[in-house]
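The values are calculated or read from the model by the stated rules, or taken from the named source; none is laboratory data. Bear in mind that the values here come from a model prediction, so they are computed numbers and not experimental data. Note that each Cβ is placed from the backbone with ideal geometry, even for glycine, and that neighbours are counted across all protein chains shown. For the accessible areas, the whole protein counts, side chains as well, though only heavy atoms, and no ligand, DNA or RNA atoms are used. Shrake-Rupley method; radii C 1.70, N 1.55, O 1.52, S 1.80 Å.
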Amino acid sequence: MTSESQQTPRLDHLLSTSSARFDLWRELNAITEAWAAGANGEHAAVKAAMARLVAMEDFFAFPGPQLMRTLGDRITAGDASAAARFVQRISRSLLTGSYRYDSSEWETTSDAGEYDSLAERVLFTPAEGSSHKPYFETLFVTPTPVAERIKVAHEIRRLRRAEDAMNYEPVLVGSVVDALLGTLLNGKIEAVVIFDGVPVPSQHDVPLLHEYLAAYRNLDTSNVVPYKVGVTLAKLIKRIRPELDIYLLSDREVEKLAGDPSAACIRRIFYEAEELLEVHLSILEGLADRFETPHFDNLKRYASRPISTFHALPIARGKSIMKSNWIRDMGEFYGQNLFLAETSATTGGLDSMLEPTGTIKLAQEKFARAVGADHVFFVTNGTSTSNKMVYQAVTKPGDIVIVDRNCHKSHHYGMVLSGAQPLYVEAYPMTEYSMYGAVPLATIKRAMLNLKAEGRLHRLKMLTLTNCTFDGHVYNTLRVMKECLAIKPDLLFLWDEAWFGFARFSPFLRPRTGLGAAAELEEWRDSPAALEAYAAQVAELGEDLDPADPRLLQRSLLPDPRKIRVRVYETDSVHKSMSALRQGSIVAVRDEDYSKHESAFHEAVFIHASTSPNAQIIASLDVARRQMELEGYELVMRATEIALRIRREIGEHPIISKYFAVLGADKMIPADYRNSGFKDFLAAGSTWVTAVKAMYDDEFYLDPTRMTLVCGTAGFDGTSFKNLLADKYDIQLNKTSRNSVLLQSNINNTRSDVALLIKVLLKISMEIENRLKDGGEAEQAAFAARVNGLMTDVPDLPNFSRFHDGYREDPGSVTLEGDMRSAFFAAYEEGDCEYLPLMDARIDERLARGPEMVSANFVIPYPPGFPIMVPGQVIDAATIGFMRKLDVKEIHGYNATRGLKLIRLSAIPGAGQVKAKSPVKPLKRK
Ligand SMILES: Cc1ncc(COP(=O)(O)O)c(C=O)c1O
């Protein structure tokens, strides 16, 4: 390792490269200015800062080798003022992005006016009209010697034509490892051209980078076979950014290569010596394909046509608004295009979302490609509807679904609609913060094995989990699916990824998404190693797993690769993490047996989709897909950086950290589920290598972009703190718990947002600090009592008790699934229901002596936002205790005046007589 490479730690921080790079340029800028101003000893510092940048800059087109060389020459020659001007110009250009359209930024002239005769001019062909053409970079992986790369880059630039719709700049690297590093580091890369036969080892000596690549199990380059370099590299690059177009130039038998199924991930294969222009045109065509947004483009065309409408949609074309005396401000506010594009038409060039055959169908297919699904359905009423559609399509009355009790209400309602019976499993509690974690795999396996022991496994249809949870717990999706399929090889999985759609575009998080894991599962299944590993398991545990065998819960199970069916459904609130309008959501399907549900799925669309879907929401789904396919990688990287910055600033600030803390992985996930020993992103000893290892190995992982900020230690309950930030400081937060709020960074956030948040937290901390100082002992005691009340005097989180026996087919069974749908409809008969106020002594009486109380409906307090009672559930003391202690105002399903709505026992099948004393101890009333 050279001393220079030792000085490039930022290069190792792969997931924060874009701001690390800007920081390095800012640093060089500051030091060169000091040097130019005559500060002593700064020349050496400038050289060192330049050295830190050089290794990084090899992977970016701008400033590129020519400008970097000129800059280096000026620094070496000791020309401080020329170097300072040069650095300033490059930094400005990087920051504003002007290099993407202004050819003059690439010239090696200094503003002193001289022109470097070595320079080649980068001439971008201008776009017609005022706006400039989109810009991207193409990675060329070529054995060309370093000294000749500038010439080759110039030849590539010569291919540009005025009629090209976009401009790209080439980035040349010389090996497989450098190609992977370039793909990871440079988010502007959109296409890769590989010259077959490039060497494997990196030309950059940064060991931690190689360790990092090795930590990504699926990016291991140690076994690349020389004659398969091109195809192998293409596959590895696809694992980092599946959306990139890859072209292979080979001098071998390209016809044979093209027919090789393992080369399917390559967009086109060319015979090396031929047609560089064809490569250029293919690159542009590939980009155009991702850029194209069929429905949005179509809607824009529609809006620009002079159309008279006689539909029932007066707002269309905007005439009723623009001509109105009274509502014209709406038109002025939203702009005319919104109304020109409002339409209820499904013909005349527009498509129908209920039965798409045209541009909506195409847009859905493109979305499916982008997320690695076979099918995508657009949904214009949020993931609430997407989830219900999945239940409707794949489950029927009597099916059993294992489901996190703490999941979004749409799942519970989905089962009320379909008649599937929930078998609730519990997430681990985080009582101190009044929230839940995620469901341990052992709990899920135990539920499945119990069903098997009781002969009902065949009725288990699906497992539903929230990934990530509201608070950021991410499942080990691959492991969950493998282990569950070991017990039931045709199980369906519904991954509710309402919050997690963006994760697809991060190589770091993708393996933990439902669809990312589905792809890995298929790859694993097709590998010879899978069968070998399974055979070893059979030798130990037998083929038919014995539910009573305790080892099944203690070890990881493997399914029989010959038997499993990959059946994955993923729902994403595109509006929650990408640039879609509110309610834009998708159902993504990767189900090998989809044909069994295809017609039911279409029924589900008919049942749940509006017959008047909003054209703008559909168009925004189309556009959100375009954005993520083109810049999702970079944007998600930035959202992660922002989150890490917030975590660092709060954790390290001497005053803020006295009152506030962002919970690390070690606080959010018990050690038992963090086998790798990973503590947190910012803990001592954490690098991206340890983070990647944890991402692969640990049972649960924390989404870095979701930050639980504890505010109870500052004397605020979650709701008051949320309101304070919104009302006084214009900062909007996500959900709250009793003593915390959830901050979420997304592709929209900037470092200015971080600055504002930190400034406000400091202000609030200072106010507390001053109040405690000025208020003396009385104030301090009151503050301590308030903190204590919020942080330690917290109610226990109640587990699901059970369904009443009348709603269970076999009340003696170990598993507690129940017929929630019948209970739900029983509550429609008011005469069959009774009400008991929460604080009424009769509740304690009934808890102590019966008869049992059976909930008539869902009761969902916000926060925490999960149903603490569902229809048909026997209400126990723990639930009553929790409700009595809850200090939230919003409780859906609970009418404070009338009380809890209960189903009279006389209305429950098989019940009706007074039951024996409840085994649960009642809570004493305070
Ligand atoms: C886990 C989960 N699933 C589904 C939904 C519903 O999504 P939408 O708001 O898009 O209807 C939510 C909403 O917050 C959620 O948290």
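Key figures for this structure:
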quantity: Average Cα contact separation per residue, the range 678-777, under 8 Å, 6 or more apart, as relative contact order %; calculated: 21
quantity: The chain: antiparallel DSSP beta bridges as a percent of all, rounded to 5; calculated: 50
quantity: Percentage of interatomic Cα-Cα distances in the range 767-869 larger than 22 Å; calculated: 55
quantity: Å² per residue, accessible surface of the range 707-766 at 1.4 Å; calculated: 39
quantity: Per residue solvent-accessible surface (Å²) - the range 29-73, probe of 1.4 Å; calculated: 38
quantity: Total charge dipole magnitude, the range 273-420, about the Cα centre, Cβ charges on Lys, Arg, Asp, Glu only, Debye to nearest 20; calculated: 920
quantity: For the range 551-654: accessible area per residue (Å², 1.4 Å); calculated: 37
quantity: Crossing angle, helix 359-371 versus the chain [Cα axis fit, 0-90 degrees, rounded to tens]; calculated: 80
quantity: Among 547-557, 286-296, 248-258, the order from most to least packed when residues are scored by Cβ within 10 Å on average; calculated: 286-296, 248-258, 547-557
quantity: Mean ellipticity per residue at 222 nm, deg cm²/dmol - from DSSP H runs of n ≥ 4 across the chain, formula -39500 (n - 2.57); calculated: -13500 deg cm²/dmol
quantity: Stokes-Einstein diffusion coefficient of the range 843-899, Kirkwood radius over Cα pairs, 10 °C, 1.306 mPa s, in µm²/s; calculated: 136
quantity: Peptides 765-771, 410-416 ordered by average Cβ neighbours within 10 Å, highest first; calculated: 410-416, 765-771
quantity: Under 30 Å from K319, Cα to Cα: lysines that are on another chain or at least 8 residues apart; calculated: K300
quantity: Order of exposure, largest accessible area first, which applies to D698, D23, D796, D374 with probe 1.4 Å; calculated: D796, D374, D23, D698
quantity: Tilt relative to the chain, helix 615-652 - C-alpha long axis, 0 to 90 degrees, to 10; calculated: 90
quantity: On Cα atoms only, tilt of 751-791 relative to the major axis of the chain in degrees; calculated: 40
quantity: Normalised per residue, the volume of the convex hull around the Cα set of the chain (Å³); calculated: 213
quantity: Accessible area of the chain belonging to carbon and sulfur atoms, whole % at 1.4 Å probe; calculated: 53
quantity: Of K133/K576; K667/K735; K238/K361; K388/K576, those spanning more than 20 Å from alpha-carbon to alpha-carbon; calculated: K133/K576; K238/K361
quantity: Extended-chain gain in nm, criterion 0.36 nm per residue less alpha-carbon gap, L277 and A782; calculated: 174.2 nm
quantity: Modelled FRET efficiency - R0 22 Å, D490 with A533, Cβ distances, 0.05 increments; calculated: 0.60
quantity: Spin-label proximity, E890 to the range 837-866 - amide N less than 19 Å from point 7 Å beyond Cα toward beta carbon; calculated: 858-866
quantity: Pairwise FRET efficiency - L354 versus E543, Cβ, R0 = 41 Å, nearest 0.05; calculated: 0.35
quantity: Net charge dipole size for the range 429-472 [Lys, Arg +1 and Asp, Glu -1 on Cβ; Debye, nearest 20]; calculated: 420
quantity: Of K445/K563; K693/K885; K188/K693; K151/K693, pairs whose Cα-Cα distance is over 30 Å; calculated: K693/K885; K151/K693
